[in-house]
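Shown next, in structure tokens, is the structure this report addresses.
The values are calculated or read from the model by the stated rules, or taken from the named source; none is laboratory data. What you see is a predicted model; the values in this text were computed from it and never measured. As a convention, Cβ positions derive from the backbone with ideal geometry for all residues, glycine included, and neighbour counts pool all protein chains shown.
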Amino acid sequence: MKAMRLIDIDGPSLDMIETIMDRAVALSKGSEPLSQTHTIANVFFEPSTRTRVSFEMAATRLGLRVINLDGERSSMTKGESVLDTLATLHAMGVELAVLRHDQTGICHELSEQLPSSLGLINAGDGCGHHPTQALLDAATLTAKGVHLSEVKVVICGDLRHSRVARSNVALLKRLGVGEVGLAGPEGLMPTSGSGFDGLRHYDNLDAALIDADVVMMLRVQKERMDASDGRLDLADYHRHWGLTAERLAKAKPECWVMHPGPMNRGVELSAQVADGPQSLILDQARMSVFTRMAIFEALLS
Ligand code: CP
């Protein structure tokens, strides 16, 4: 039987996206999870705290059998490919793999090559996509009563290397968001044709924040930069692009602050904003478990 996959935000139908978001919100309000008897594997070849733990917690709450494979301690270190690793796990009985890898596009490639009976969830591929993060971000806003069609969302920071931003833009567009504005240093703006076309770019955060209902701050992803990105002075970055309480006051008074994590306090946002009353950062972490439960339910039921 053909298994279901979640590789990017363009894959699932709008109906399925809305089902996942509604179900995540219902689960967060105490709805009973659907019990599952499948076996899934979390296969992580890149560091992760939120995604790995929340997928494991989501699976456990649904009663799924969970295998956790740490890429750095797998036989990949002896030269085995990701494709052979996943095919091996599938032969042993794994029905769905959750994969994080630093190679952009690897989940799309594997999706062409793997047996169609193996389910696959992209848990972040290099600078590519992070669809489950976008779904949990949208579910977090929905749970707060935000009507996405009526809001202005600003996404600020290292857009060029951000799979989170790419998936969020794709999802917000599909959900008919009012407006998405992009802000960040010229050198960290996305290249054309990379999923961000047609959106307004702001050359300073203060201007971007005017009338904003939601601001998503992004981490500066030094691990994805190369020599062509130049040297980044983090104190200077914070001065120009960091979200401080003073800057946040330029947005609407009830503007929500989001960050997918991991965050660097004092770089992309101040500790005062991260811990302040408008911050949804820990709400995102909480909703990550419910959203990933809803995703498992949708893909495995
Ligand atoms: N947001 C996110 O993907 O965080 P982790 O890298 O900790 O999983």
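Annotations for the structure displayed:
- Only one of GLU179, GLU246 that is within 23 Å of HIS129 (Cβ to Cβ) and either more than 16 Å from the ligand (Cβ to nearest atom) or modelled with pLDDT under 95 (or both): GLU179
- Tally, over segment 238-261, of residues that are in contact with a Pro (Cβ under 9 Å, 6 or more places away or on another chain) and under 15 Å from MET216 (Cα atoms): 1
- Among residues that are under 19 Å from the mean Cα position of the chain (by Cα) and buried (at least 16 other Cβ atoms within 10 Å of the Cβ), SER13 is not included.
The rows are residues; the columns are (1) part of a helix (DSSP H, G or I); (2) of a type outside the set (Ser, Thr, Tyr).
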residue: TYR237; (1), (2): yes, no
residue: ARG247; (1), (2): yes, yes
residue: ALA251; (1), (2): no, yes
residue: VAL273; (1), (2): yes, yes
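- Residue ID - nearest to the ligand (Cβ to nearest atom), chosen from residues in segment 16-52 that are part of a strand (DSSP E or B) and crowded, with 19+ Cβ neighbours inside 10 Å: PHE44
- So LYS144, is it among the charged types (D, E, K, R), at pLDDT 95 or above and out of contact with any Asp or Glu (no Cβ under 6 Å at 6 or more places or on another chain): yes
- Count of segment 272-290 residues which are touching a residue at least 40 places away in the same chain (Cβ under 8 Å), of a type in the set (A, V, I, L, M, F, W, C) and out of contact with any strand residue (DSSP E or B) (no Cβ under 7 Å at 6 or more places or on another chain): 4
- Residue match in segment 4-12 (condition: over 24 Å from CYS127 (Cβ atoms) and either part of a loop (DSSP other than H, G, I, E, B) or of a type outside the set (Ser, Thr, Tyr) (or both)): yes
- Verdict on GLU80 being within 20 Å of the chain's Cα centre (by Cα), free of Cβ contacts under 8 Å to residues at least 40 places away in the same chain and more than 16 Å from the ligand (Cβ to nearest atom): no
- ALA139 satisfies every condition listed in (1) under 23 Å from ASP283 (Cα atoms); (2) within 11 Å of the ligand (Cβ to nearest atom); (3) surrounded by 15 or more Cβ atoms within 10 Å (Cβ to Cβ) except (2).
- Cross-chain or 6+ apart pairs with Cβ under 9 Å, segment 260-271 first and basic (Lys, Arg) and at pLDDT 95 or above, then more than 9 Å from the ligand (Cβ to nearest atom) and assigned to a helix (DSSP H, G or I): ARG265/ALA271; ARG265/ALA274
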